[in-house]
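Accompanying notes for the structure given below.
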Amino acid sequence: KAMDLDLSALTPVERSVLAAWWERAAADEHASVASFSRVVLDLMSLGAPAALLVDATEALADEIQHARACFSVASALQGAHVGAGPLAIGGSLDGTADPARILIDTLVGGAIGESQASARAFAAAEAAVSPQLRDLLARISVDEARHAALAWRTAQWILERHPALHGLAARVLAHASDTATVPIPGAPAGWGALSPEAVQEIHH
């Protein structure tokens, strides 16, 4: 279902640009559902405590809601239903039970990636011209911050179990600012999309 938004201030070109941005954001959130499914399996393969498994499962549910809401915005901008398609999952279970690989994924995709996602959503919420978008982006920011905290706790638990991986963690974190999302230049401000300059500053 399309979100009820007042789009009267947007030109057809702006709507098209924003629709593409929100559809990509929705696809990323949809892929995050699979990522957290993998996180649950990874944690179980390492014998993680129940508290981490519960939080990872709740994060998975958050991502389903994020994807649904983002597709709703994309549908409103597109003027037609936009939804998820098939997700390629080939090789998604490779490396199960490898603490080093799981630690890298936890730090890059979780601790760093979710922290950056939270900060981007917060900045976008602050600039939002629509109350509905402001509420959605603020909720995503809070959820992604909680997911980042889960990733930091997970990394801490892995390092407690595998102290030899501390050097690996330090190398990964030394390049934290190298990770990035690709913004869409030319998107009008206040509708969720941030400028490339804003994204670069946030990630730094």
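The values are calculated or read from the model by the stated rules, or taken from the named source; none is laboratory data. All values derive from a computational prediction rather than experimental measurement. Positions of Cβ are backbone-derived with ideal geometry, glycine not excepted, and every protein chain shown enters the neighbour counts. Ligands, DNA and RNA are excluded from the accessible area calculation, which covers all protein heavy atoms including side chains. Shrake-Rupley method; radii C 1.70, N 1.55, O 1.52, S 1.80 Å.
If I build a Gaussian network model for the chain, linking alpha-carbon pairs within less than 10 angstrom, which residue out of Gly167, Gly90, Gly47 has the largest mean-square fluctuation?
Gly90
What's the percent breakdown of Cα-Cα distances in segment 30-111 across 10 Å bins, shortest bin first?
The percentages, shortest bin first, are 17, 42, 27, 12, 2.
Can you tell me the convex hull volume per residue for the chain, based on C-alpha atoms, in Å³ to the nearest whole number?
Numbers: hull volume 22.5 nm³, N = 204.
Here the figure is 110 Å³ per residue.
Need the full-extension length gain, Glu14 to His81, defined as separation in residues times 0.36 nm minus the C-alpha distance. One decimal, nm.
Working: separation 67, 0.36 × 67 = 24.12 nm, distance 1.81 nm.
Working it through step by step, the gained length comes to 22.3 nm.
Mind giving me the FRET efficiency for Trp152 and Ala88? R0 is 30 Å, r the Cβ-Cβ distance, nearest 0.05 is fine.
0.55
Any idea which of Ile184, Pro163, Ala148 is furthest toward the positive side of the dipole for segment 119-204, if Lys and Arg beta-carbons carry +1 and Asp and Glu beta-carbons -1?
Pro163
What's the carbon and sulfur percent of the chain's accessible surface, probe 1.4 angstrom, rounded to a whole number?
60 percent
So what is the calculated 222 nm ellipticity per residue for the chain, using -39500 (n - 2.57) for each DSSP H run with n of 4 or more, over all residues, to the nearest 500 deg cm²/dmol? Before the final figure, lay out each step's value.
Values: 7 runs with 133 residues, N = 204.
Computed ellipticity for the chain at 222 nm equals -22500 deg cm²/dmol.
Counting alpha carbon pairs within less than 8 Å and at least 6 residues apart, what relative contact order, in whole percent, applies to the chain?
Computed over the chain, the figure is 24 percent.
About its Cα centre, how strong a charge dipole does segment 1-138 have in debye, to the nearest 20, once Lys and Arg get +1 and Asp and Glu get -1 at the Cβ?
Once rounded to the nearest 20, the dipole reads 260 debye.
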